[in-house]
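Participant: Take this structure first; my questions come after.
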C-alpha cells in the first residue's frame, strides 16, 4: 500500500473518544439495529453516571461506528457491552474497541477481565478468543431470546502488564 493510501485508510478509521450523554440517541439507534433485545437508554445513562469507562468510535462525519462499556472494581473489569454498528462490521473496529477497553482496565490496575456473550454470537466469541479470552462457565437462561431464553457464555482473561 502506498503512503498516500495508508494515510487515507488511517484517516478513514473512526476515532476513539469517551462517550457523552449527547451520544445516547446515536448509541441507542445502533443498539436497536444490532440487538433484538437492546439495552435501554436508562441503562446507558446509569453507566455514564456511575463513571464506567464508556467509549465510542466516531466517524469523520460525526456518526458513530460502535461503542463499548467497561466497569472496573478492585482488580477486576467487566466488559458490559461492546457493539460495532451494523454496516461497519469486518473492519477490525470491534477489536480496536476491545483493545482500548483492555488498555483502560490495565491502566486502572485490573488483573482480569470478564464478559458474557450469547452462544449464538459466533463473531463476538471468535473476537474474544483471538484476544485471549477463555470460556470459564455458563449462565443458564441469562439472555432474553425470541421464543424463550438463551444461555450466556462467561469468558475471562488475565491481564498481563504491558
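Every number in this text was worked out from the coordinates using simple rules, so none of it is lab data. Just so it is clear, the structure is predicted and the values come from calculations on it, not from any experiment. Here Cβ is always computed from backbone atoms with ideal geometry, including for glycine, and neighbour counts include all displayed protein chains.
Participant: Before rounding to the nearest 500, sum -39500 (n - 2.57) across all DSSP H runs of length at least 4 in the chain and divide by the residue total; then give [θ] at 222 nm in deg cm²/dmol.
Facilitator: So the calculated ellipticity at 222 nm is -10000 deg cm²/dmol.
Participant: In the chain, if every C-alpha pair distance is counted and binned at 10 Å from zero, what percent goes to each bin?
Facilitator: In whole percents, the pair-distance histogram is 10, 37, 38, 13, 2, 0.
Participant: Indicate, rounded to the nearest 5 percent, the antiparallel portion of the DSSP beta bridges found entirely in the chain.
Facilitator: 90 percent
Participant: Assuming R0 = 25 Å, can you tell me the calculated FRET efficiency for the pair residue 46 and residue 99, based on Cβ-Cβ distance, to the nearest 0.05?
Facilitator: Rounded to the nearest 0.05, the efficiency is 0.45.
Participant: Follow-up question, since we're still on this one. Which number do you get for Rg(Cα) / (2.2 N^0.38 Å) in the stretch 68-136?
Facilitator: My calculation over the Cα atoms of the stretch 68-136 gives 1.08.
Participant: Report the extension gain between residue 135 and residue 121 in nm, rounded to one decimal, defined as 0.36 nm multiplied by the number of residues separating them, less their alpha carbon distance.
Facilitator: 3.7 nm
Participant: Sticking with this structure for a sec: Two decimals is fine: what's Rg over Rh for the stretch 23-98, C-alpha atoms, Kirkwood radius as Rh?
Facilitator: Checking Rg against Rh, the ratio lands at 0.96.
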